[in-house]
Amino acid sequence: MSNKMLPTESGEPDLPVVQRTYNLDQSGDGTNIGVAQSLNLITNGEAGIQAENIENVNVSISVAPPLITPQPKVSQQMVAADRTHYNLFVTYGVDWTKPDAANFKIEPDRVPTGYMEDSVKAEFSTLSDEAIARIKRFPSIFANENNAFGHTDEDQILAFGFVKQIKVRRNGVMIYPDIKCYLPQQRLNEALFELDISGTDSFNEFNRMHWSIKKIDLIAELRELGFTL
């Protein structure tokens, strides 16, 4: 197509072609950059219809790290959450995509005692009725062990949500999750400092089955990482 002005039905004379530069930009975390080889632009105006062909357009599109559905809804539970702490549960072999069957057992020696501040341990490791009532209001991460040491593959997911029920028995503690959404586990492996998770590139808390309680605002940290919660 040539860079000519198409005449209107009223027979008005052609207007001269004006060279223009177009910048396309979208903001957010993470960046995808592409080049369009050709762009056809048609605009309507009082003087008629102008058609232009632009040979090269650089397009920069920024996107946030994706939340794996279902997208969490702002519920009363989210509003009433106690964001002063969060629960980190690491277990093995649980299918988080089947939330009705995602309950799991924590062994007695893996209940909240390790990878946590002494003051937090003293407050919650007794699992008294008062402690459990607070624990159930903390945001929670539910994860299986990493598929590798210190990291995992891009397909492994973990769950974000709250604890629906806790059953304490002599041979362990049964946890019943209330799952709100899923996140890519590798992304959290890359945010150990932000989430107060102990470990290195070769081994971290996602490599050991346990339950710990962190004195961190999990929701705020995940939002800073680009997730929409």
- Item | Where Asn171 falls short, out of the listed (1) in contact (Cβ under 8 Å) with a residue 24 or more places away in the chain; (2) in contact with a strand residue (DSSP E or B) (Cβ under 8 Å, 6 or more places away or on another chain); (3) not hydrophobic (A, V, I, L, M, F, W, C) | (2)
- Item | Filter pass, Ile219 being in a helix (DSSP H, G or I) and either β-branched (Val, Ile, Thr) or not assigned by TED's automatic domain parsing to the domain that holds Asp100 (or both) | yes
- Note on the structure: Within the stretch 70-94, the count of residues that are out of contact with any strand residue (DSSP E or B) (no Cβ under 9 Å at 6 or more places or on another chain) and either modelled with pLDDT of 95 or more or part of a loop (DSSP other than H, G, I, E, B) (or both) comes to 5
- Within the stretch 128-152, track down each residue that is in a loop (DSSP other than H, G, I, E, B) and farther than 17 Å from Asp82 by Cα. Ser128, Glu145, Asn146, Asn147, Phe149, Gly150, Thr152
- Just give me the residues in the stretch 95-105 being surrounded by 15 or more Cβ atoms within 10 Å (Cβ to Cβ) and modelled with pLDDT under 95, in sequence order. Pro99
- Scanning the stretch 193-207 residue by residue, those assigned to a loop (DSSP other than H, G, I, E, B) and at pLDDT 95 or above turn out to be Phe193, Glu194, Leu195, Asp196, Ile197, Ser198, Phe203
- Item | Test result for Gln185, at pLDDT 95 or above, of a type in the set (S, T, N, Q), over 22 Å from Ala80 (Cβ atoms) and in contact with a strand residue (DSSP E or B) (Cβ under 8 Å, 6 or more places away or on another chain) | yes
- Sole miss for Ala131 among (1) in contact with a His (Cβ under 8 Å, 6 or more places away or on another chain); (2) without any contact (Cβ under 8 Å) to a residue 24 or more places away in the chain is condition (1)
- Every residue from the stretch 179-196 that is over 17 Å from Glu154 (Cβ atoms) and among the hydrophobic types (A, V, I, L, M, F, W, C): Ile179, Cys181, Leu192, Phe193, Leu195
- Task: Taking Ile157 as the residue in question, decide whether it is assigned by TED's automatic domain parsing to the domain that holds Ala102 and either within 21 Å of Glu117 (Cβ to Cβ) or aromatic (Phe, Trp, Tyr) (or both).
- Result: no
- Query: Hey, does the stretch 114-136 have a residue that's in the same structural domain as Phe206 (by TED's automatic domain parsing), out of contact with any Pro (no Cβ under 9 Å at 6 or more places or on another chain), surrounded by 15 or more Cβ atoms within 10 Å (Cβ to Cβ) and hydroxyl-bearing (Ser, Thr, Tyr)?
  - Reply: yes
- Note on the stretch 147-161: residues more than 20 Å from Cys181 (Cβ to Cβ) and either touching a strand residue (DSSP E or B) at 6+ places or on another chain (Cβ under 8 Å) or without any contact (Cβ under 8 Å) to a residue 12 or more places away in the chain (or both) are Asn147, Ala148, Gly150
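The values are calculated or read from the model by the stated rules, or taken from the named source; none is laboratory data. Treat the numbers as computed from the prediction; the structure is a model and nothing was measured. Don't worry about glycine lacking a Cβ; one is built from the backbone with ideal geometry, like all the others, and counts go over all protein chains shown.
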